[in-house]
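Scroll down for the structure; my scribbles are underneath it.
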Amino acid sequence: MKISVIGCGYLGAVHASAMAELGHDVIGIDVDERKIGELAAGRPPFFEPGLPEILTSATASGRLRFSTDMADAAGAEVHFLAVGTPQTAGSHAADLRFVDAAFESLLPHLADGALVVGKSTVPVGTATRLAERLAEVAPHATLAWNPEFLREGFAVKDTIEPDRLVYGVADDAAAATLDDIYRAALDAGTPRIVTDYATAELVKVAANAFLATKISFINAMAEIAESTGADVTQLADAIGHDARIGRRFLNAGVGFGGGCLPKDIRAFTARAEELGRGEAVAFLKEVDAINLRRRQRVVDLAVEAMGGSVNERRVAVLGVTFKPDSDDVRDSPALDVAVQLKGLGADVVATDPEGLENARLRHPQLAYEPSTTEALRDADLVVLVTEWGEYRDLEPATVRGLVANPTVIDGRNVLDPASWRAAGWTYHGLGRP
């Protein structure tokens, strides 16, 4: 099909490339000329495994083009809205200015029978509002809402082989069009849920809220474990055998971050309060608070490990991105810990396989070192805060020879305490004795 993708940030660039890889004729539209230039040249403006390959393949085939001119979307049958919804300055509410601007800019270019498909994460009620506007200005077109469930580091796979497809539609014709677009996934057995606008909007934020709650729950248990001498990792193993609970995302540590989960649960809370149902999701405020406390706990552990002060102590911070296989440092617990330690007078040297340039743009006051070996050299303290594979696989005996003081804080509980202690390290985990 002929498809346009409006907004070529993380979500839009991946979606446009994946749709073209599946055989559709795609035009990606964005107002950022630099971004469009990079994408048109086959260079993703961010790190995402697998994206360079499909972007290069799709652009070379001619199935994928990019433009800054909305008029170039005019020939498409389906238009995906994939612009960002950041947190509004001064509040927790989602900022819908970019969604509204993209939607209004698209209206004059909608052909008869065109389908506008929202993919952005928006407050419930947004789709109904946009559908009413569409009926007023462009009644020859229709609206659907098709939330995304991408995981950074797995976004290409999650788009081409999704674990479910959700359609918020007003009629069967819209669902049939989406079926045509996602035929390969449907033929492979991907579950398909056809519902109304409000439910489709709630699916994404409810999924994020549940995930955040599960992560914060085990981190709350880590707080109890630290006060009682229990081991939160063994606790998670034990309760995770219960099929009703499951072991995934029960890994205590420094907590979640990124550009989606924190701002989405805050926006969900704000929208519930607007609807007069704030009490229904009031627990999400505590979920957020627990998450932020874990960052402070890592900083406190660092101070304790250094005898009460990190001032003028060399601290190697392993990781600045919010998760591995990403260069995203938005609301990153790892970067937050590094900045806090720097504020306490530590000589912080941060390293990361992919995120250093983005971190430097946000916090130029930190020292950055691309080499893990050099970051570790002469360190008084090692703090692992992003669980990149190369940090998980460090040989404690080898690393022992690089540092000045063999003390490590495992902010993700991914190292083997016995191995590190046997190699002469003082090991501190979160929620572990």
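The values are calculated or read from the model by the stated rules, or taken from the named source; none is laboratory data. Values in this document were obtained by computation on a predicted structure and should not be read as measured data. Cβ placement follows ideal geometry from the backbone for every residue including glycine, while neighbour counts extend to all protein chains displayed.
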Legend entry - Total residues in segment 181-194, condition surrounded by fewer than 13 Cβ atoms within 10 Å (Cβ to Cβ) and within 23 Å of LEU130 (Cβ to Cβ): 1
Legend entry - Members of segment 1-25 found to be within 20 Å of VAL99 (Cβ to Cβ), hydrophobic (A, V, I, L, M, F, W, C) and over 23 Å from the mean Cα position of the chain (by Cα), listed by number: ILE3
Inset, instruction - Kindly indicate the residue of segment 227-244 that is aliphatic (A, V, I, L, M) and in a helix (DSSP H, G or I) and also surrounded by the most Cβ atoms within 10 Å (Cβ to Cβ) among those meeting that condition. - result: VAL232
Inset, instruction - Please go through segment 169-208 and pick out each residue that is touching a Pro at 6+ places or on another chain (Cβ under 7 Å) and not assigned by TED's automatic domain parsing to the domain that holds ARG271. - result: ALA185, THR190
Inset, instruction - Go through ALA60, ALA76 for me and flag whichever is in a loop (DSSP other than H, G, I, E, B) and hydrophobic (A, V, I, L, M, F, W, C). - result: ALA76
Inset, instruction - Tell me, yes or no, whether segment 326-344 has at least one residue that is farther than 20 Å from ARG294 by Cα, among the small types (Gly, Ala, Ser) and surrounded by fewer than 23 Cβ atoms within 10 Å (Cβ to Cβ). - result: no
Legend entry - Residues that are more than 26 Å from LEU106 (Cα to Cα), surrounded by 15 or more Cβ atoms within 10 Å (Cβ to Cβ) and out of contact with any helix residue (DSSP H, G or I) (no Cβ under 6 Å at 6 or more places or on another chain), drawn from segment 53-76: THR56, SER57
Inset, instruction - Please enumerate the residues belonging to segment 154-190 that are acidic (Asp, Glu), in a helix (DSSP H, G or I) and closer than 15 Å to ALA18 by Cα. - result: ASP158, ASP180
Legend entry - Output for segment 1-29, where each listed residue is assigned to a loop (DSSP other than H, G, I, E, B) and surrounded by 24 or more Cβ atoms within 10 Å (Cβ to Cβ): GLY7, CYS8
Legend entry - GLY411 free of Cβ contacts under 8 Å to residues at least 24 places away in the same chain and closer than 30 Å to PRO86 by Cα: no
Legend entry - Subset of segment 191-226 (residues that are among the charged types (D, E, K, R) and not in a helix (DSSP H, G or I)): ARG192, ASP196
Inset, instruction - Being hydroxyl-bearing (Ser, Thr, Tyr) and part of a loop (DSSP other than H, G, I, E, B) is the filter; apply it to segment 79-114 and report the residue that is farthest from LYS35 (Cα to Cα). - result: SER91
Inset, instruction - Please find, among THR85, THR121, THR128, the residue that is among the polar types (S, T, N, Q) and surrounded by fewer than 19 Cβ atoms within 10 Å (Cβ to Cβ). - result: THR128
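Here's the yes/no breakdown for (1) touching a residue at least 60 places away in the same chain (Cβ under 8 Å); (2) over 24 Å from the mean Cα position of the chain (by Cα):
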site: ALA200; (1), (2): yes, no
site: LEU211; (1), (2): no, no
site: ALA238; (1), (2): no, yes
site: GLY246; (1), (2): no, no
site: ASN251; (1), (2): yes, no
site: ASP264; (1), (2): yes, no
site: LEU292; (1), (2): no, no
site: LEU301; (1), (2): yes, yes
site: ALA305; (1), (2): yes, yes
Legend entry - Filtered residues of segment 9-59 (kept if of a type outside the set (Lys, Arg) and touching a Cys at 6+ places or on another chain (Cβ under 8 Å)): ALA16, GLY28, ILE29, ASP30, ASP32, ILE36, LEU39
Inset, instruction - For residues that are farther than 20 Å from ILE3 by Cα and of a type in the set (Val, Ile, Thr), tally how many sit in segment 141-200. - result: 5
Inset, instruction - Hey, could you check segment 131-153 for residues that are among the hydrophobic types (A, V, I, L, M, F, W, C) and not in a helix (DSSP H, G or I) and say which is surrounded by the fewest Cβ atoms within 10 Å (Cβ to Cβ)? - result: PHE149
Inset, instruction - Kindly indicate whether any position in segment 333-344 is assigned to a loop (DSSP other than H, G, I, E, B) and modelled with pLDDT of 95 or more. - result: yes
Inset, instruction - Would you mind stating whether LEU178 is buried (at least 16 other Cβ atoms within 10 Å of the Cβ) and in contact (Cβ under 8 Å) with a residue 60 or more places away in the chain? - result: yes
